[in-house]
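Let me begin by presenting the structure, written as structure tokens, before commenting on it.
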Amino acid sequence: MQVTPLSDGFGRVATDLRVSLTDRCNLRCSYCMPAEGLDWLPGETVLTDDEVVRLITIGVERLGITEVRFTGGEPLVRRGLVDIVARTHALGVETMLTTNGLGLARTAGALAEAGLDRINVSIDSIRPETFAAVTRRDRLHDVVDGLEAAKAAGLGPVKLNAVLLRGVNDDQAPELLDWAIAAGYQLRFIEQMPLDAQHGWSRAEMITAEEIQVRLEKEFSLEPAGEPRGSAPAELFLVDGGPATVGIIASVTRPFCGDCDRVRLTADGQVRNCLFAREESDLRTAMRAGASDEELAERWVVAMAGKRAGHGIDDPTFLQPSRPMSAIGG
Ligand code: SAM
Ligand code: SF4
């Protein structure tokens, strides 16, 4: 079958597909959603397992997608996850998952058997009370159990994602890194982005990549890890001479849009060419109206061609997307 690359007007080609499997979540991280949760997508608008796999197959076979990452919301709350992973793995692409880890202790083995290649687990603190303050749920023990199960199931090297919030957990970066290294996980800090449903993000309040580095350097020596970064968002540092590393993802202060190779599919079947895109392309309605694979691929190509050069968070005209991170798929 002929492959049409998902190119945009700036010479970038998307090969990394992020698939949101649900907008629902069992945590309420304050940088992501309000305490009361959100108005979830109506069930009938959410793609079925077969519809998700059909669109992924089009992406892989016709559009050159080589990596698929499942996210959400919380992908582990999606009942068909293991089957979707197995069917995606069978397409011969790298298959990954970003999760908060709740319930991972039960499913890690099945996910590994289904062919999951890699896993990222979010954990913002290793102190139960701070974890509960950030996520509004007292579930740190579940995350730690899930991480151990992932390691035991052979899903390593497990990566950890952490967001630092001023006055909440920003003093805990070194202890989180110490703990991650001792347990054999690869920690990456992500700058907080304006993607929360309640629009509470502020440029002045966010902890910058530079601050994270300064805080870590009080306790560790960091030197840039030599390997080329390519399209990977994390800048990697060797900790105390290595081999342990830490990553810093400076999405706001040192954007990497020029090297972006990502495209997103929401749980309700919309293609988004950027996390911060304000337009979406509705593949669900077209698919349910009987569009062929070729027609769906054509729509997808058009959606990608209009990708903007960058997110423009620092631009005075910047507008936060109307959908929050949990609905887009982080
Ligand atoms: N629920 C899963 C989880 O938390 O890993 C997957 C979805 S979550 C939206 C994906 C990642 O986005 C998590 O690592 C989370 O910490 C991060 N995230 C959510 N809101 C964010 C924000 N406003 N700025 C930066 N990262 C954010
Ligand atoms: Fe849920 Fe992930 Fe958002 Fe936290 S960051 S509320 S775990 S979707």
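The values are calculated or read from the model by the stated rules, or taken from the named source; none is laboratory data. Everything numeric in this text was worked out from a predicted model, so none of it was measured. Neighbour counts run over all protein chains shown; Cβ positions are idealised from the backbone, glycine included. Surface areas here come from the heavy atoms of the whole protein model, side chains and all, with no ligands, DNA or RNA. Shrake-Rupley method; radii C 1.70, N 1.55, O 1.52, S 1.80 Å.
Only a single item in (1) of a type in the set (Val, Ile, Thr); (2) more than 16 Å from ligand 1 (Cβ to nearest atom); (3) open to solvent by 20 Å² or more (accessible area, probe 1.4 Å) is not met by Val46, and it is number (2).
Determine if region 282-298 includes at least one residue that is assigned to a strand (DSSP E or B), open to solvent by 20 Å² or more (accessible area, probe 1.4 Å) and in contact with a strand residue (DSSP E or B) (Cβ under 7 Å, 6 or more places away or on another chain). Break it down stepwise before answering.
Step one: list which residues in region 282-298 are assigned to a strand (DSSP E or B), which gives 282.
Adding the requirement that they be open to solvent by 20 Å² or more (accessible area, probe 1.4 Å) leaves 282.
Next, from what is left, pick out any that are in contact with a strand residue (DSSP E or B) (Cβ under 7 Å, 6 or more places away or on another chain): 282.
Yes: one or more hits.
Of the candidates Asp145, Asp138, Asp124, the single residue that is acidic (Asp, Glu) and surrounded by 20 or more Cβ atoms within 10 Å (Cβ to Cβ) is Asp124.
Among Gly101, Gly115, Gly109, which is the only one that is under 21 Å from Asp23 (Cα atoms) and among the small types (Gly, Ala, Ser)?
Values: Gly115 fails: under 21 Å from Asp23 (Cα atoms); Gly109 fails: under 21 Å from Asp23 (Cα atoms).
Just a single option satisfies the conditions, and that option is Gly101.
For region 273-307, the set of residues classified as under 20 Å from the mean Cα position of the chain (by Cα) and of a type in the set (D, E, K, R) consists of Arg278, Glu279, Glu280, Lys307, listed by residue number.
The number of residues in region 179-214 being free of Cβ contacts under 8 Å to residues at least 24 places away in the same chain and open to solvent by 60 Å² or more (accessible area, probe 1.4 Å) comes to 3. Filtering Gln213, Gln198 for residues that are polar (S, T, N, Q) and over 27 Å from Leu76 (Cβ atoms) leaves a single hit, Gln213. Could you say which residue among Thr95, Thr22, Thr57 is at pLDDT 95 or above, open to solvent by less than 40 Å² (accessible area, probe 1.4 Å) and part of a strand (DSSP E or B)? Going through Thr95, Thr22, Thr57 in turn, just one is at pLDDT 95 or above, open to solvent by less than 40 Å² (accessible area, probe 1.4 Å) and part of a strand (DSSP E or B): Thr95.
Here the condition is being part of a loop (DSSP other than H, G, I, E, B) and touching a residue at least 60 places away in the same chain (Cβ under 8 Å); of Leu47, Leu116, it holds for Leu47 alone. Total residues in region 60-92 satisfying the condition of being surrounded by fewer than 21 Cβ atoms within 10 Å (Cβ to Cβ) and more than 16 Å from ligand 2 (Cβ to nearest atom): the figure is 16. Among the residues of region 234-280, the ones that are under 23 Å from Leu319 (Cα atoms) and assigned to a strand (DSSP E or B) come to 8 in all. With respect to (1) surrounded by 15 or more Cβ atoms within 10 Å (Cβ to Cβ); (2) modelled with pLDDT of 90 or more; (3) away from ligand 1 (no atom under 13 Å from the Cβ), the lone exception for Phe256 is condition (2). Could you tell me whether region 126-149 includes any residue that is acidic (Asp, Glu), away from ligand 1 (no atom under 16 Å from the Cβ) and under 17 Å from the mean Cα position of the chain (by Cα)? The answer is no; no qualifying residue exists.
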